[in-house]
Amino acid sequence: MSSGLIKPQTLKGFRDYLPPLALAREHILEVARQVYRSYGFTPIDTPALEYAEILLGKGGTESDKQLFRFTDQGDRDVAMRFDLTVPFARFAAQHFNEIGTPFKRYHQGTVWRGENTQRGRYREFMQSDFDTIGTDSNASDIETLLVIHDLFGALGFDRFSIRVNNRMVLNGLLEKLGLAERTAQVLRALDKLHKIGRDGVIAEMGEQAGASPEQAARVLEFAALTGSPHEILDHLQPLLAGSAVGEEGIARLRELFNAVATAGIATDRVGLDVSIARGLDYYTGTIYETFLTDDPTIGSVCSGGRYDNLAGLFTSQKLPGVGASLGVDRLLAALEKLGQISAASTPAPVLVVLFDESCLGQYLRIGRVLRAAGINTEVFPDSKKVGKQLQYADRQGFQFALIAGSDEFQSGTWKIKDLKSGEQLSVAEADLVSTIRSKLNSK
RNA sequence: GUGGCUUUAGCUCAGUUGGUUAGAGCGUCAGAUUGUGGAUCUGAAGGUCGCGGGUUCGAGCCCCGUAAGCCACCCCA
């Protein structure tokens, strides 16, 4: 008999979300949505499946290998999106005449990469992106940084750091060193500075980019600069003199850090890090990475940057832009490790005990009263013993149980039991909402 | 895609040099005389020892393959 059962299992890199994790993830998405909207970003959505050529277009051979790709029932060559940026490029090109510019959108969705798994790295995961396209203005670069900052603040993080750099500075440097041809390889090596150290970087630059030890050392000299953003910029300025892109990069960074300071952002949360380069080669200007101070090993939890031309593969319209992507599942993995995920399995603070089955209507009615007041409320479905129902309430993580039997109905009152403290008080129905509300607010 | 480590109940693990019906804690469910939980006590359910092959009289324990998880490379959220 049982041999006929199908073994319940999920695919490698794919996973289920139980209530505590699902609640935490929805919370992150909701907070992000609010922050984006507060800056005027508007939502869009695109299909999970695209023509393979759309996603392959950008031609990173690495991402090609990671594509979930197949032939559909109509014999079309299709693939699952592996990020939200390429679909956005297609979207922008396709709807250019309808959206107008500048265009600020956010997009939260699932993406798929057939990559090997690790903690915080899955084959199916969510991204929460926001971008501003159709403008070159540094104001948008600065705003992007503010959004990232507000995002982590709103999520309740105190300890995080946003590292900023500018590709123009790096390009200016490489130009002056005669390494402009091998930009991608050099930057990829440089990006690993924190991981493989100085000698490792020099070795890799030699092997991968054909850089001489002298050239590599000069690159590292830049990357090793530390201090306040303006101190670093002061050091860089003379070294990049004569390089047009380099100087522009310096100027944009200077303006950015000035504005950030003026806007009142704590200086320890935002820093200039000349060694971050981002692997993706479509970034051309400002680049961002965000690290959690308490779990830096998980990697960047929010990354992005400025690009010259988002949709060049799909339209001759030039669409510069800047944006970033929040790694929702990576952030969740970090929160999990840090023990920050609440054990509660319910989004409702109040459980109404089904004490007397003959009064079911009363319990359902009071549930509606509380919900109308914005208080999520569940009514227990079985008339089990009160103890059982309270046990359920406690284990699911409810904060209050509402109990009423014949005594209470006679006097028009409800008993509110605080599941944490065990305290219980009787209140008239007219005061029920305000009492619960004030108790919730005082937490 | 490459390499290393791991895989026994829902979870965390024990299982002696391979030897009869595989254990514990936690969790779940049910009770401890019918209006109050998180403590304690009692009891129950729950495992083809990841899966498939092999060696052996006999394998959770040895060998091979395979899958998944973790770590590193690669890349990245």
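Can you tell me the length gained on complete extension of the stretch A:D75 to A:S406, counting 0.36 nm per residue apart and subtracting the Cα distance?
Additional length available on full extension: 112.4 nm.
Kindly state, to the nearest 0.05, the FRET efficiency for A:I196 paired with A:H95, given R0 = 51 Å and r defined as their beta-carbon distance.
So, using R0 = 51 Å, E works out to roughly 0.75.
Could you work out the relative contact order of the stretch A:350-441, using alpha carbon pairs under 8 angstrom and six or more residues apart, expressed as a whole percent?
It comes to 26 percent, rounded to a whole number.
Where is the GNM fluctuation largest for chain A (alpha-carbon springs, 10 angstrom cutoff): A:L331, A:L18, A:L187?
Highest fluctuation of the listed residues: A:L18.
Contour minus end-to-end for A:D158 and A:N258, with contour as 0.36 nm per residue of separation and end-to-end as the Cα-Cα distance?
33.8 nm
How high is the FRET efficiency between A:R365 and A:L11 when r is their beta carbon distance and R₀ equals 51 Å, given to the nearest 0.05?
The pair A:R365/A:L11 has a calculated efficiency of 0.65.
If you take every DSSP beta bridge fully contained in chain A, what fraction is antiparallel? Give it as a percent rounded to 5.
Bridges in chain A are about 80 percent antiparallel.
What number, in percent, do you get for the relative contact order of chain A if the mean sequence gap of Cα pairs under 8 Å and at least 6 apart is divided by its residue count?
In percent, rounded to a whole number, it is 16.
Using the alpha-carbon centroid of each, what span in Å lies between the stretch A:315-348 and the stretch A:81-104?
Using only Cα atoms to place each centre, the spacing works out to 21 Å.
Roughly how big is the stretch A:350-441's charge dipole about its Cα centre, with Cβ charges of +1 (Lys, Arg) and -1 (Asp, Glu), in debye to the nearest 20?
280 debye
Let me check I've understood the local charge: for A:G422, count other residues with C-beta under 13 angstrom from its C-beta, Lys and Arg +1, Asp and Glu -1. What total comes out?
Its environment carries a net charge of 0.
For the stretch A:158-283, give the magnitude of the charge dipole about the Cα centre (Cβ charges: +1 Lys/Arg, -1 Asp/Glu; no others), in debye to the nearest 20.
260 debye
First check a/c for chain A, with a ≥ b ≥ c the square roots of the eigenvalues of its C-alpha gyration tensor; if it is under 1.5, answer rounded, and if not, answer prolate when a/b is larger than b/c or oblate otherwise.
prolate
Per-residue ellipticity at 222 nm for chain A, helices alone: DSSP H runs ≥ 4 residues times -39500 (n - 2.57), over residue total, nearest 500 deg cm²/dmol?
One gets -13500 deg cm²/dmol as the mean residue ellipticity at 222 nm.
Using Cα positions and a limit of under 18 Å, work out the lysines in reach of A:K104, with same-chain residues fewer than 8 apart set aside.
Cross-link targets: A:K318.
Using a simple spin-label model with points 7 Å from Cα along the Cα→Cβ vector, what separation in nm is obtained for A:K318 and A:Q208?
3.1 nm
For the stretch A:162-292, what is the percent of antiparallel DSSP beta bridges, rounded to the nearest 5?
About 60 percent, rounded to the nearest 5.
Please report, in debye to the nearest 20, how large the charge dipole of chain A is about its Cα centre when each Lys and Arg carries +1 at its beta carbon and each Asp and Glu carries -1 there.
960 debye
A 27 angstrom limit on the alpha carbon distance is what I want to check against. Which of A:K192/A:K337; A:K388/A:K415; A:K384/A:K420 exceed it?
Correct reply: none exceed it.
Please name whichever of A:G305, A:S345, A:T293 sits farthest to the positive end of the charge dipole of the stretch A:256-411, dipole taken about the Cα centre and charges placed at Cβ: Lys and Arg +1, Asp and Glu -1.
Toward the positive end, the furthest listed residue is A:G305.
Please list, ordered by chain and number, the residues whose modelled amide H lies under 5 Å from the amide H of A:T286; skip anything fewer than 5 residues away on the same chain.
For A:T286, whose amide H was placed from the backbone, the distant partners under 5 Å are A:R167, A:R306.
No lab work stands behind these numbers, since they all come straight from the coordinates. Keep in mind it's a predicted model, so treat the numbers as computed, not measured. Cβ coordinates were reconstructed from backbone atoms using ideal geometry, including for glycine residues, and neighbour counts include every protein chain displayed.
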